[in-house]
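The values are calculated or read from the model by the stated rules, or taken from the named source; none is laboratory data. Quantities reported herein were computed from a predicted structural model and do not represent experimental measurements. Please note: Cβ atoms are built from the backbone with ideal geometry, for glycine as well, and neighbour counts cover all protein chains shown.
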Protein chains: 2
Amino acid sequence: MADKQRSARPGTGAKRKAADAVVSPDDCDPARCPCDDAACSLSRYVRTTQAANGDEDHHTLEATEQAVAERLSGLSIDMSAMAVISNVYRAANAVRNHVERTVLAPHDLTWTGWVVLWVIWIWGDIESRHVAAEAGISKGTLTGVQNTLMSRGLVKRRVHPDDARRVLLSLTPKGQKLMSSVFPEFNAVEALMSEDLDDDAKLATARALRAIVKKAENA
Amino acid sequence: MADKQRSARPGTGAKRKAADAVVSPDDCDPARCPCDDAACSLSRYVRTTQAANGDEDHHTLEATEQAVAERLSGLSIDMSAMAVISNVYRAANAVRNHVERTVLAPHDLTWTGWVVLWVIWIWGDIESRHVAAEAGISKGTLTGVQNTLMSRGLVKRRVHPDDARRVLLSLTPKGQKLMSSVFPEFNAVEALMSEDLDDDAKLATARALRAIVKKAENA
DNA sequence: CGTTCATCGTTCGGTTCCGAACGGTTTGTC
DNA sequence: GACAAACCGTTCGGAACCGAACGATGAACG
């Protein structure tokens, strides 16, 4: 989600400040929460209320969590699957928001714009349909991102020499310069976010995520 | 991301079919790809081109991947961090798209609408600011989702008895009925997507993701 | 060659979403 | 008790995104 669709207007992207921003609380208490291994999101609200107003709510924490457990135990639920999948989405959002604010916004880049630049940077001279597939966006969206990036002088496009339908994308020298200066910053943040994981955990997590992607994409 | 903002118009959400949809290729070849443990996305494009046109591209696969390795090895990059973080985002998108198509669309629900319903279902009688925090959306977005869900008779709202600024949200009987019928479907898909992971892997992955969330949110 | 069909990138309408601004309510301070 | 500051949910403008429709090009077949 970072684009301008038609009518490329440069230099307006990535405005994620931190005012009304999406906030989110904290950990869960394994002793109370019915989730597996403290790895769920069920008690974030509890912590919030707990911290905020002393005890003004009508239902106590215990009663509420009891209700959660009962509601879920009534049905037969795969709690560990829930913990994994729901945290995938939560993590993705958290990462994206953080990266946009800390790394991308100062360079006036949006997330999608960044991903597109990255793909072109890595593959150089790549057809736009492949860029869209790699970046995980639709063709229509890519057109807009393209125009934005072109108007900022970061990306070039030329028609495929053998097929006039296709379009080849590549980075301008300015774009290349941008990437080689920004990507280390980006990667540093990636490293920071995964620094609590040892190497085995990183590899295992990446492998697990790939398994999920595989299941989700062809099923 | 699933909402209607202002002017609640019911019954038009969740239209994700599969026509021009976001496609995405396949695995990477560990023998060739410079990533760790086949857990990256760097060779998806390669596989695509490989499968599509026999060998019409100008740079061979080997040359391309060599270029990737060189470009990345020129800088000092934490490849395992990159593998983890980039796959988080990819997995989240894949999961969301799949769930929207298979589970939510038949019930005319959007992803965000679903998450909001879920939060209210679990916590019952919850203040809207907490719903927004739990669901990971902004207050403004929640207002729109609220209206949509209210106009469909799934959600009730009432003013907080002790504080006229606050609003308490809860599910109508119709909303409760919907949740208890749809959530098992949803959870079944969650289970399906993580079925290639054994229990230890699920727990470990969930734990790793929480660590990432923690880092991303307060840093 | 001319026709048909697949495929490419673009256009366009509609939806989702964020963030800043706003009015209304409560709390704190003199 | 008035006044200011903090906080709540809503409104509103604008960006980002998808998916269907479109025009143009290329390939297959007679």
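Just wondering, is there one or more residues in segment B:150-158 that are farther than 21 Å from B:VAL115 by Cβ, without any contact (Cβ under 8 Å) to a residue 40 or more places away in the chain and within 16 Å of DNA strand D (Cβ to nearest atom)? Give the derivation first.
Residues of segment B:150-158 that are farther than 21 Å from B:VAL115 by Cβ, as a first pass: B:158.
Filter once more, keeping what is without any contact (Cβ under 8 Å) to a residue 40 or more places away in the chain: B:158.
Now drop any that are not within 16 Å of DNA strand D (Cβ to nearest atom), which leaves B:158.
Yes, some residue in segment B:150-158 is farther than 21 Å from B:VAL115 by Cβ, without any contact (Cβ under 8 Å) to a residue 40 or more places away in the chain and within 16 Å of DNA strand D (Cβ to nearest atom).
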Would you please name the residue that is farthest from the chain's Cα centre (by Cα), looking only at residues in segment B:111-142 that are within 13 Å of DNA strand C (Cβ to nearest atom) and small (Gly, Ala, Ser)?
-> B:SER128
For segment A:145-187, which residues satisfy the criterion of being part of a helix (DSSP H, G or I), within 13 Å of DNA strand C (Cβ to nearest atom) and within 21 Å of A:VAL99 (Cβ to Cβ)?
-> A:VAL145, A:THR148, A:LEU149
Every residue from segment B:90-110 that is within 16 Å of DNA strand C (Cβ to nearest atom), at the interface with another protein chain (Cβ under 9 Å from one of its Cβ atoms) and under 13 Å from B:VAL182 (Cβ atoms) = B:VAL99
Within segment A:112-140, work out how many residues are near DNA strand D (Cβ under 8 Å from one of its atoms) and more than 9 Å from chain B (Cβ to nearest Cβ).
-> 2
Report the residue count in segment A:188-198 for those that are at the interface with chain B (Cβ under 7 Å from one of its Cβ atoms), touching a helix residue (DSSP H, G or I) at 6+ places or on another chain (Cβ under 6 Å) and farther than 30 Å from B:ASN187 by Cβ.
-> 2
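Just wondering, is there one or more residues in segment B:202-209 that are loosely packed, with under 15 Cβ neighbours inside 10 Å, facing another protein chain (nearest Cβ under 10 Å), assigned to a helix (DSSP H, G or I) and not acidic (Asp, Glu)?
Within segment B:202-209, the subset loosely packed, with under 15 Cβ neighbours inside 10 Å is none.
No, because not a single residue in segment B:202-209 is loosely packed, with under 15 Cβ neighbours inside 10 Å, facing another protein chain (nearest Cβ under 10 Å), assigned to a helix (DSSP H, G or I) and not acidic (Asp, Glu).
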Per-region count, segment A:68-89, residues touching a residue at least 12 places away in the same chain (Cβ under 8 Å) and facing chain B (nearest Cβ under 7 Å) | 8
Search segment A:94-139 for residues being under 29 Å from A:ARG166 (Cβ atoms) and surrounded by fewer than 19 Cβ atoms within 10 Å (Cβ to Cβ), and hand back the single one that is modelled with the lowest pLDDT.
-> A:GLY124
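A:ASP196 - would you say it is under 27 Å from B:THR205 (Cα atoms) and surrounded by fewer than 20 Cβ atoms within 10 Å (Cβ to Cβ)? Let's see the steps before the verdict.
Working: under 27 Å from B:THR205 (Cα atoms): yes; surrounded by fewer than 20 Cβ atoms within 10 Å (Cβ to Cβ): yes.
It is true that A:ASP196 is under 27 Å from B:THR205 (Cα atoms) and surrounded by fewer than 20 Cβ atoms within 10 Å (Cβ to Cβ).
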